[in-house]
Amino acid sequence: MEYNPKVIEKKWQNFWEESGAYEPKEDCRLPKKYILSMFPYPSGNIHMGHVRNYCISDAIARRFRKEGYNVLHPIGWDAFGMPAENAAIKRKVHPKTWTYSNIENMKSQLYSLGFSFSKTRELATCDTIYSKWEQTFFIAMWEKGLIYRKKGFLNWCPNDKTVLANEQVIEGKCWRCDTPVVQKEMNQYYIKITDYAQELLEDLELLEGKWPAQVLTMQRNWIGKSEGLSFAFDLEKSVKSGDRVISTLEVFTTRPDTIFGVSYCALALEHPLVKAMLENAESYGLTKEVIAQIQAMQNTSERERAQQEKIGIPLGIYAIHPLSGEKIPLWVANFVLMGYGSGAVMSVPAHDERDFDFAKKYNLPIIPVIKPIDSENVAQDSFYTGGGVLINSKEYDGLGNEEAKEKIISYFESSGKGKAVVNFKLRDWGISRQRYWGTPIPLIHCVQCGIVPEKNENLPVALPEDVVIDGEGNPLDKHPRWKHCTCPKCGKEAIRETDTLDTFMESSWYFLRYTTPQKLRKSEAISTQDAQYWMDVDEYVGGIEHAILHLLYARFFTKVLKTLGYTESKEPFSHLLTQGMVTKNGAKMSKSKGNVVDPYDIIKQFGADTARLFILFAAPPVRELEWNDSAVEGSFRFIKRLCAKIEKARKITTLPKIAIENLSEAEKYARKKIYEALKKSNETFTHESGYSFNTLIAACMEALNALNEQDSADVWSEGYFILLNVLEPIIPHVCWELSNEYFKLTNFAPIKVDESALKEDSITMAITINGKRRGEVKVSVNADNAEVLTLAKVAVEKWIADFTIIKEIVVPNKLVNFVVKPCEKSL
């Protein structure tokens, strides 16, 4: 058959859609598989990362359908967010118009690859029906106390008068106008993800062996549980802040055993004590130069600070050590985060690398208080982070540091000066954004009632479409009418919240929304019965770059929605497959590097099946995939060979019965390679295997070559019947075409491996003489040692002709070794 991808691909894509071949069945009695790839942002064009992601999930989904599973394999669009507003500014087009146009374009491109997505479960997160239920969740979380409002520091462009996301700040300047960005304190909404920190940490154990170990480690580190002592230093002099008097400095330490080594305390730039001193700078002796230095440090984001050199400024005031009574200088430092602990740390330079570097830089005391057990010497010009015995610690000298920890914590608790606490590095999730294209926060500000949620019957709070997006300020805040409303509680005039939600909110529950059939989506956020059936996601496919935020937020949201009664799942994704990126010339594909390959060009030239075959053959899913034009052409040639000689096969509807005893060696070998490919297929489609499609495809190529080396019509028929079944999840269009043409099939079903075809009639054994390989011999699997030795001697006759065999060794099914010495006549 001549291979014409344009014709057969359109034919079968139409057939699949018209027959509803890939729609999940609404029968909860069937065994199910929920296969999901992370949904795309509708940027306008698919790229090779999309192709790889969805080729992997599609192959898995198709395989499970063949095995009789009810499969949910949906697609949707992560459609809100900043790029649409950037496009609105640049192209002078409405974000909604731009977004939905891109969705239609990308949908067409993705379906041209033959992906078996459910069209009835599709969603876009910018749809108002999606926003309605997200706002419903928000209100439920607000009323449960899981969402709160407080002031936080944001990137602010003074020129454009707008908040910037971190990625819009380039080298400390606004991405649009190059104005230096400052940190502005503004009201923000936060979700108490920290309330679930312990549960999020503990439940990682449920994912051991199911998620990549690297991802689990990254999440554990991000959550960052630490146990230690919380206590307060008294300040030598109190500091006033309005009506409030600050007289103590709260700190948290995981190393109370090093408390006598404290030589300074470092405070976050946003610490209340720092703010209070800046408000009354003259009273506390802060010079204009010091004030300017602190403000300059404050006007950098936490991300920038993490990349900067560690710097600090002395505040000129002291704290009193709670045990020694010594004066401890206070410094403001760019490496201390306000969100972790109390925003102040006791610094012990002799036993912490960061504290040591800072102390050396500013010539601060370095006091060793722990020495290694096996050493009497204490390094004077370095730091030691290990355990040992306490020194320079008064009554605790000589104690092991673990025992000292317990005793010091016990002292603080019994004296009421401190307490043992558990802290997490994880901070509450800031979810409000000062931009237009997002889900409106369903809260209303009333002078009389305060902040109150919108009534559920008034949801969704939809975005106004008559907005001007020019990059200056929040379009919702500037809208003349939209924000003006009445209070749901007292009925008086009020103001609607103009912040919108972080787009991570949408991607944190979309997988649950997919489980709800279209007919129920207006009446239910998540169909309880359907969610119970489909969840958890059996295989989740996406990039390693989402290892922390998206996956953590999705786990958190699932737990919250379980608390609210929407799902019974503790974890959203049973298995996680993180695919590698697609590279070209050693670098990730990107327009800026000029190394982008347009998937549509591949489809037009070679067909969708070629693109699918190459992307799955070039590398295992978890590895990076280096683009190779010649390998694409090689994939195309393989498909052409698959089509070229199929007319040798008899037109059958079931596998032929083959008399094994009458087969030639070539025919037996062909059947062996065919069934090896089938067996490899069964092994490949498991999470444990890592879905190594490349080795499966290689086995199919070997099988096709073996079929070409024999002429039995029965073996051809059997081989092609099986090969098309094995390859269907990978190159579906051509497999459906050939199967329908020659085998009258429009469906695929599992085929059992014929174990007899894998059995060897003969084996090849290596022959060594005095340990050196000299040849090989093919023998019957039933041959006894005497027959093996006889055949082996014939095979290496020239090597033993002038020698006497003094020992004969047969290692069954592996090798024959002759130990020889020269014949006497040859001496």
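Give the residues of region 164-181 that are under 30 Å from Leu512 (Cβ atoms) and touching a Phe, Trp or Tyr at 6+ places or on another chain (Cβ under 9 Å), sorted by residue number. Before the answer, list the steps.
Residues of region 164-181 that are under 30 Å from Leu512 (Cβ atoms), as a first pass: 165-167.
Once the filter is applied, which keeps residues that are under 30 Å from Leu512 (Cβ atoms) and touching a Phe, Trp or Tyr at 6+ places or on another chain (Cβ under 9 Å), region 164-181 yields only Glu167.
Restricting attention to region 681-698, and to residues there that are of a type outside the set (S, T, N, Q), without any contact (Cβ under 8 Å) to a residue 60 or more places away in the chain and surrounded by fewer than 21 Cβ atoms within 10 Å (Cβ to Cβ), which single residue is nearest to Ser756 (Cα to Cα)?
The extreme case among them is Glu683.
Return the only residue of Glu167, Glu202, Glu185 being modelled with pLDDT under 95 and assigned to a helix (DSSP H, G or I).
On inspection, the qualifying residue turns out to be Glu167.
Any residue that is surrounded by fewer than 16 Cβ atoms within 10 Å (Cβ to Cβ) and touching a Ser or Thr at 6+ places or on another chain (Cβ under 7 Å) - is there at least one of those in region 484-498?
Within region 484-498 (the criterion being surrounded by fewer than 16 Cβ atoms within 10 Å (Cβ to Cβ) and touching a Ser or Thr at 6+ places or on another chain (Cβ under 7 Å)), the answer is yes, since at least one residue qualifies.
Exactly one condition in (1) closer than 26 Å to Leu164 by Cβ; (2) of a type in the set (Val, Ile, Thr); (3) surrounded by fewer than 19 Cβ atoms within 10 Å (Cβ to Cβ) is false for Thr287; which is it?
Thr287 satisfies all of (1) closer than 26 Å to Leu164 by Cβ; (2) of a type in the set (Val, Ile, Thr); (3) surrounded by fewer than 19 Cβ atoms within 10 Å (Cβ to Cβ) except (1).
Can you tell me which of (1) outside any loop (DSSP other than H, G, I, E, B); (2) hydrophobic (A, V, I, L, M, F, W, C); (3) within 36 Å of the chain's Cα centre (by Cα); (4) crowded, with 16+ Cβ neighbours inside 10 Å is the one Ala420 doesn't meet?
(4)
Suppose we filter Lys96, Lys90, Lys119, Lys151 for residues that are outside the structural domain of Val461 (by TED's automatic domain parsing), of a type outside the set (Ser, Thr, Tyr) and not in a helix (DSSP H, G or I); which single one remains?
The conditions single out Lys119.
Which helices (runs of 4 or more DSSP H) does region 438-536 wholly contain that include 2 or more residues that are more than 30 Å from Glu571 (Cβ to Cβ)?
Because the criterion is at least 2 residues that are more than 30 Å from Glu571 (Cβ to Cβ), the helices (runs of 4 or more DSSP H) in region 438-536 that meet it are 475-478.
Which of the helices (runs of 4 or more DSSP H) found entirely inside region 278-376 contain at least 2 residues meeting this: within 28 Å of Leu399 (Cα to Cα) and in the same structural domain as Lys240 (by TED's automatic domain parsing)?
353-362
Within the set of pairs 6 or more residues apart or between chains, which connect a residue that is within 10 Å of Asn813 (Cα to Cα) and of a type outside the set (Ser, Thr, Tyr) inside region 771-783 to a residue that is crowded, with 16+ Cβ neighbours inside 10 Å and at pLDDT 90 or above with Cβ atoms less than 6 Å apart?
Val779/Val788; Val779/Leu791
Is it true that some residue in region 374-394 is under 30 Å from Pro158 (Cα atoms), surrounded by fewer than 17 Cβ atoms within 10 Å (Cβ to Cβ) and out of contact with any Asp or Glu (no Cβ under 9 Å at 6 or more places or on another chain)?
No, region 374-394 has no match at all.
For the list (1) in contact with a Ser or Thr (Cβ under 7 Å, 6 or more places away or on another chain); (2) in a loop (DSSP other than H, G, I, E, B), I need the number of the one condition that Gly114 fails.
Result: Gly114 passes all but (1).
Considering (1) surrounded by 20 or more Cβ atoms within 10 Å (Cβ to Cβ); (2) of a type in the set (Gly, Ala, Ser); (3) within 29 Å of Val811 (Cα to Cα), say which one Ser762 fails and leave the rest.
Every condition holds for Ser762 apart from (1).
Arg255 versus (1) under 40 Å from the mean Cα position of the chain (by Cα); (2) basic (Lys, Arg); (3) surrounded by fewer than 18 Cβ atoms within 10 Å (Cβ to Cβ); (4) farther than 24 Å from Cys157 by Cα: which is the lone unmet condition?
(3)
When you go through Asn53, Asn86 one by one, which is the residue that is in contact (Cβ under 8 Å) with a residue 24 or more places away in the chain and over 27 Å from Ile751 (Cα atoms)?
Numbers: Asn86 fails: in contact (Cβ under 8 Å) with a residue 24 or more places away in the chain.
After ruling out the rest, the residue left standing is Asn53.
Would you check which residues across region 546-579 are within 13 Å of Ser507 (Cβ to Cβ) and surrounded by fewer than 21 Cβ atoms within 10 Å (Cβ to Cβ) and list them?
Of everything in region 546-579, those that are within 13 Å of Ser507 (Cβ to Cβ) and surrounded by fewer than 21 Cβ atoms within 10 Å (Cβ to Cβ) turn out to be His546, Leu549, His550.
Can you tell me which residues in region 559-582 are within 15 Å of the chain's Cα centre (by Cα) and outside any loop (DSSP other than H, G, I, E, B)?
Selection gives Phe573, Leu576, Leu577, Thr578, Gln579.
Only one of these is in contact with a Gly (Cβ under 6 Å, 6 or more places away or on another chain) and either at pLDDT 95 or above or aromatic (Phe, Trp, Tyr) (or both): Ile697, Ile674. Name it.
Going through Ile697, Ile674 in turn, just one is in contact with a Gly (Cβ under 6 Å, 6 or more places away or on another chain) and either at pLDDT 95 or above or aromatic (Phe, Trp, Tyr) (or both): Ile674.
Please enumerate the residues belonging to region 695-741 that are assigned to a loop (DSSP other than H, G, I, E, B) and either under 40 Å from the mean Cα position of the chain (by Cα) or farther than 20 Å from Ile660 by Cα (or both).
Answer for region 695-741, where residues must be assigned to a loop (DSSP other than H, G, I, E, B) and either under 40 Å from the mean Cα position of the chain (by Cα) or farther than 20 Å from Ile660 by Cα (or both): Glu728, Pro729, Ile730, Ile731.
Which one of these is modelled with pLDDT of 90 or more, of a type in the set (Val, Ile, Thr) and part of a strand (DSSP E or B): Val794, Val777, Val788?
Val777
Output the number of the condition that Leu30 fails; it satisfies all remaining conditions of (1) out of contact with any strand residue (DSSP E or B) (no Cβ under 6 Å at 6 or more places or on another chain); (2) surrounded by fewer than 19 Cβ atoms within 10 Å (Cβ to Cβ); (3) not β-branched (Val, Ile, Thr).
Just one mismatch for Leu30, condition (1).
Run Ile367 past the list (1) modelled with pLDDT of 90 or more; (2) surrounded by 16 or more Cβ atoms within 10 Å (Cβ to Cβ); (3) touching a strand residue (DSSP E or B) at 6+ places or on another chain (Cβ under 9 Å) and report the number of the one that doesn't hold.
(3)
Does Arg427 count as basic (Lys, Arg) and buried (at least 21 other Cβ atoms within 10 Å of the Cβ)?
no
Each row is one residue, and each column tells you yes or no for (1) over 22 Å from Val537 (Cβ atoms); (2) aromatic (Phe, Trp, Tyr); (3) surrounded by fewer than 17 Cβ atoms within 10 Å (Cβ to Cβ).
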residue: Tyr69; (1), (2), (3): no, yes, no
residue: His73; (1), (2), (3): no, no, no
residue: Gly76; (1), (2), (3): no, no, no
residue: Ala84; (1), (2), (3): yes, no, no
residue: Ile89; (1), (2), (3): yes, no, yes
residue: Val93; (1), (2), (3): yes, no, yes
residue: Ile103; (1), (2), (3): yes, no, no
residue: Leu110; (1), (2), (3): no, no, no
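Go through the residues of region 817-827 one by one and say whether even a single one is crowded, with 16+ Cβ neighbours inside 10 Å and in a helix (DSSP H, G or I).
Among the residues of region 817-827, not one is crowded, with 16+ Cβ neighbours inside 10 Å and in a helix (DSSP H, G or I), which makes the answer no.
Give just the number: which of (1) closer than 23 Å to Ala124 by Cα; (2) buried (at least 22 other Cβ atoms within 10 Å of the Cβ) does Val582 not satisfy?
Exception for Val582: condition (1).
For region 397-417, enumerate the residues that are more than 19 Å from Gly386 (Cβ to Cβ) and either part of a loop (DSSP other than H, G, I, E, B) or outside the structural domain of Ile367 (by TED's automatic domain parsing) (or both).
Correct list: Ser415, Gly416, Lys417.
Here is a list: Gly771, Gly775. Which entry is small (Gly, Ala, Ser), surrounded by fewer than 16 Cβ atoms within 10 Å (Cβ to Cβ) and either out of contact with any helix residue (DSSP H, G or I) (no Cβ under 8 Å at 6 or more places or on another chain) or not assigned by TED's automatic domain parsing to the domain that holds Ile658 (or both)?
On inspection, the qualifying residue turns out to be Gly771.
The values are calculated or read from the model by the stated rules, or taken from the named source; none is laboratory data. Keep in mind the model is a prediction, meaning the values are calculated, not measured. We place every Cβ from the backbone using ideal geometry, glycine too, and count neighbours over all the protein chains shown.
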